[in-house]
Amino acid sequence: MADTGKFITFEGGEGCGKSTHIGRIAARLHDKGRMVLTLREPGGTDVGEQIRHVLQYSKKSAAMVSETELLLFCASRAQLVRELVRPALGKGKIVLADRFFDSTTVYQGIGRKIDATKVAVINRFAIGDCLPDLTIVIDLDPRIGLERAKGRELFDRMENQALDFHQRVRQGYLDLTRQEPQRVKLVDGSQSLDTVSEQIWSLIEHVL
Ligand code: T5A
């Protein structure tokens, strides 16, 4: 790939601390004079934000089947990769993404139990060859994460799922760190904010 930037994605269950740490890391990188782009999924582009709206409000789209949900997450990502991620990497920026294709592997594949091979094919079609240089999984007991996530903008399509769904998601992420240890790194999200930040920072320094 001709890209010169670095693509770093943050993953984990609800309320594990992704947005908080992306904000901290972005500020730290800015202080060091690095060009940074932060993004969130689903969304991040005009098209993606419209897709997020369809996915987010379950009263208007309560009948949505899992296959539609999978395609919408991937549609948002296809737009994000081509409109923002690739151009930013080409300019040498560090792209910090709040979720990427591993969320689809875990939430739709393992959480919703859609066939893993089909999920992988659709995921790869959406992202092309735009794979993250580093993926940080912030691991947290879903009971703590769901409690922490209370009070923020509700993504009730997922949060209203039974605890068992969120436990499968957590296990899915743990399995990913074992399957792809070079790319996917695990951080214990139950530690203090500062401790988690420092551990994430040292992982990022390593790839930079
Ligand atoms: N989804 C997404 C799919 O199903 N498939 C896909 O392909 C994709 C891309 C997105 C939903 O969509 C699903 C997954 C999600 O269910 P969202 O609204 O974007 O929904 O929600 P999340 O990505 O889950 O983000 P959250 O806002 O819930 O969690 P964060 O960003 O991980 O957590 P954050 O940073 O907001 O922290 C939550 C609270 O905890 C505190 C923070 O201060 C904050 O108050 N906190 C800590 N407190 C103590 N100690 C620590 N170490 C703490 N870390 C954070």
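Some notes on this structure:
- Within straight-line reach of Lys150, meaning a Cα separation under 17 Å, sit the following aspartates and glutamates at least 8 residues removed in sequence or on another chain: Glu14, Asp141, Glu159.
- A DSSP coil position with no more than 16 other Cβ atoms inside 10 Å describes the following chymotrypsin sites (Phe, Trp or Tyr not before Pro) in the range 138-208: Phe155.
- Summing +1 for each Lys or Arg and -1 for each Asp or Glu among the other residues whose beta-carbon sits under 13 angstrom from that of Asp175 gives -1.
- Taking every protein chain into account, the accessible area of the range 6-207 amounts to 48 square angstrom per residue (probe 1.4 Å).
- Annotation: Thr117 carries an accessible surface of approximately 100 Å², with a 1.4 Å probe and no ligand, DNA or RNA atoms counted.
- Selected from Lys91, Lys185, Lys32 as most flexible by GNM, with the chain as the system and alpha-carbon contacts under 10 Å: Lys32
- Heavy-atom accessible area order for Glu11, Glu147, largest first, 1.4 Å probe: Glu147, Glu11
- Here Lys18 sits with roughly 20 square angstrom of accessible surface, probe radius 1.4 Å.
- Within the accessible area of the range 6-207, the carbon and sulfur atoms contribute 54%, probe 1.4 Å, all protein chains present.
The values are calculated or read from the model by the stated rules, or taken from the named source; none is laboratory data. Everything quoted here is computed from the prediction, not taken from an experiment. Virtual Cβ from ideal backbone geometry, glycine too; neighbours counted across all protein chains shown. Calculation scope for accessible area: heavy atoms of the full protein, side chains included, ligands and nucleic acids excluded. Shrake-Rupley method; radii C 1.70, N 1.55, O 1.52, S 1.80 Å.
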